[in-house]
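The values are calculated or read from the model by the stated rules, or taken from the named source; none is laboratory data. Note that the structure is a prediction, hence the values are computed from the model and not measured. Counting neighbours? That spans all protein chains shown, and the Cβs are built from the backbone with ideal geometry, glycine included. These accessible areas exclude ligands, DNA and RNA; they are computed on the full protein's heavy atoms, side chains included. Shrake-Rupley method; radii C 1.70, N 1.55, O 1.52, S 1.80 Å.
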Amino acid sequence: MEIAQYIQEGKAVLGIEFGSTRIKAVLIGEQGEPLASGSHNWENRLEDGVWTYHEEDIWNGLADCYRSLAEQVQQKYNVTLTKLAAIGFSAMMHGYLAFDAKGDFLVPFRTWRNTMTEEAAEQLTKRFAFNIPQRWSIAHLYQAILNEEPHLSKLSYFTTLAGYVHWKLTDEKVLGVGDASGMFPIDSETGDYDSKMLAQFDEMIADRGYSWNIKDILPKVLSAGEEAGVLTERGAALLDPTGSLQAGIPLCPPEGDAGTGMVATDSVGVRTGNVSAGTSIFAMVVLEQALKQVHTEIDMVTTPSGEPVAMVHCNNCTSDINAWVNLFGEFADYMGFSVDTGTLFTKLFQKAEEGAADCGGLLSYNYFSGEGVTALDAGRPLFVRKPDAAFNLANFMRTHLYSALATLKIGLDILQQEQVQVDKMYGHGGFFTTKGVGQRITAAAMNAPVSVMETAGEGGAWGIALLADFMVHKQEGQSLAQYLEDYVFAGNEGTTIAPDPEIVQGFEQFMESYRGGLQIEETSLHW
């Protein structure tokens, strides 16, 4: 069947993901292949000490992202989008979106990037004997309770960004299990919130006098492949204000960006893993057995089908690189040279490969915000060098690429100590866009082979589109891992780069300086 006819007959599937700096849409075809895409750039705001996005940012961004996709479909295939086989929404995980009984925001959206819940996270981790990171939704809720915030008396529901968008488009208060596992701990045996911990939380707040209990205000948990409602008339108007898109389209469970990254890299099976590197960075490994200890550097979450996953999540990755590249771009403009941003990134990443393996005595900290792995509740981007350092462009760029992975490496070293076994590790996200560069450095940081698929650049939007497609086309008894292996990735292993011993040694030397200089970063918070 021709692509235009396939789309016109409403057989294509749409995925949309809200990333930290970009909302992206991907339309996929019969074999899961991308047919068209659209995007909208946006940025979080630091207001009154809180990283947030405004409500209008969400809906204006969604509509503009869909508009750009629909325009590309029209231009490429001469088809107006009116029908779809399924839709999926995903977004950055965690954070706190709290609503009253009317469905109105009670407080501004508190994103994953905030590090304001240290007291709550520590108390919950101790009570549950289970690591609760600061960015998790339950940590935000409990911190609000400890702070005696007045909105809690009106609290009726709280969810994630993906859950919020899905709710407003379908009237369904549901969440995919992977995203839900970043709200509250999941019992992988039941595929639902851990009942013992739910009871423990209610005990912790029993004397507060709230009219609600924790289970009542959490979204319902769904697993990959389950139906999660249909697009309402109001939802269709929010997504496509032109009125062309019809209501009634089925939606899959909304998911978090961690889970969609796993899907997009075929990393949902046991002993597989992936590194997602963009504004934040995280590595995930699907476990074959539980970790021996509770580690505050390691999150325990799940795949979109509920299998347990060890996750190292770091708040900061490419933002500092972006800032420096923009500065170089500004200089080029000033000198009268016209260089597009994509070319500038490519050239500077390639230049980094010429740098010394240990970065030649340069050091940087990419902390735009606090970082749980290194126990810092706020951040200051820093670049420092020794007087006798080899200060040149190659070492400068290499330092910032190393810095983007340094905090992640601290967490990954813990998984090695736990003897976690990984057969396949895949990379995706903006860090891997320049062919081979980010992949080679990541392989050295992990001291393990790293593979990148040709579709790595499609990212989580493609991943949630595949989850929506799985809901529609799964066979009886077929698991998500089987669907991806047989239907989407059959025979596609991607491009693999093994660790270079010289770069591995250089990265370890860089990490010695990095760990030793953390006190500089901590001291900088006082100015």
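If you scan the stretch 216-268, which residues turn out to be in a helix (DSSP H, G or I) and either over 30 Å from Met300 (Cα atoms) or open to solvent by 30 Å² or more (accessible area, probe 1.4 Å) (or both)?
Asp216, Glu233, Arg234, Gly235, Ala236, Ala237, Leu238, Leu239, Asp257, listed by residue number.
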Filtering the stretch 344-359 down to residues that are buried (at least 18 other Cβ atoms within 10 Å of the Cβ), in contact with a Ser or Thr (Cβ under 8 Å, 6 or more places away or on another chain) and not in a loop (DSSP other than H, G, I, E, B) yields Phe345, Phe349, Cys359
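Sort out which residues of the stretch 25-62 are on the phi > 0 side of the Ramachandran plot and open to solvent by 40 Å² or more (accessible area, probe 1.4 Å), and write them in order of number. Let's see the steps before the verdict.
At the first step, the residues of the stretch 25-62 found to be on the phi > 0 side of the Ramachandran plot are 32, 48-49.
Across the stretch 25-62, the qualifying residues are Asp48, Gly49.
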Residue ID - nearest to Ser319 (Cα to Cα), chosen from residues in the stretch 365-393 that are open to solvent by less than 10 Å² (accessible area, probe 1.4 Å) and touching a Lys or Arg at 6+ places or on another chain (Cβ under 8 Å): Tyr367
If you check Lys83 against the conditions, is it out of contact with any Gly (no Cβ under 8 Å at 6 or more places or on another chain), closer than 30 Å to Asp240 by Cβ, among the charged types (D, E, K, R) and touching a residue at least 12 places away in the same chain (Cβ under 8 Å)? no
Test for Gly429: is it over 30 Å from Leu348 (Cα atoms), of a type in the set (Gly, Ala, Ser), out of contact with any Leu (no Cβ under 9 Å at 6 or more places or on another chain) and open to solvent by 10 Å² or more (accessible area, probe 1.4 Å): no
Scan the stretch 355-370 and give yes if some residue there is more than 30 Å from Leu525 (Cβ to Cβ) and either free of Cβ contacts under 8 Å to residues at least 40 places away in the same chain or not aromatic (Phe, Trp, Tyr) (or both), otherwise no. yes
Can you name the residue in the stretch 183-215 that is farther than 30 Å from Gln482 by Cα and of a type in the set (Val, Ile, Thr) and is also surrounded by the fewest Cβ atoms within 10 Å (Cβ to Cβ) among such residues? Ile205
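Among Gln505, Gln475, which is open to solvent by 10 Å² or more (accessible area, probe 1.4 Å), polar (S, T, N, Q) and over 30 Å from Leu362 (Cβ atoms)? I'd like the intermediate steps shown before the answer.
On the way: Gln505 fails: over 30 Å from Leu362 (Cβ atoms).
So the residue among Gln505, Gln475 that is open to solvent by 10 Å² or more (accessible area, probe 1.4 Å), polar (S, T, N, Q) and over 30 Å from Leu362 (Cβ atoms) is Gln475.
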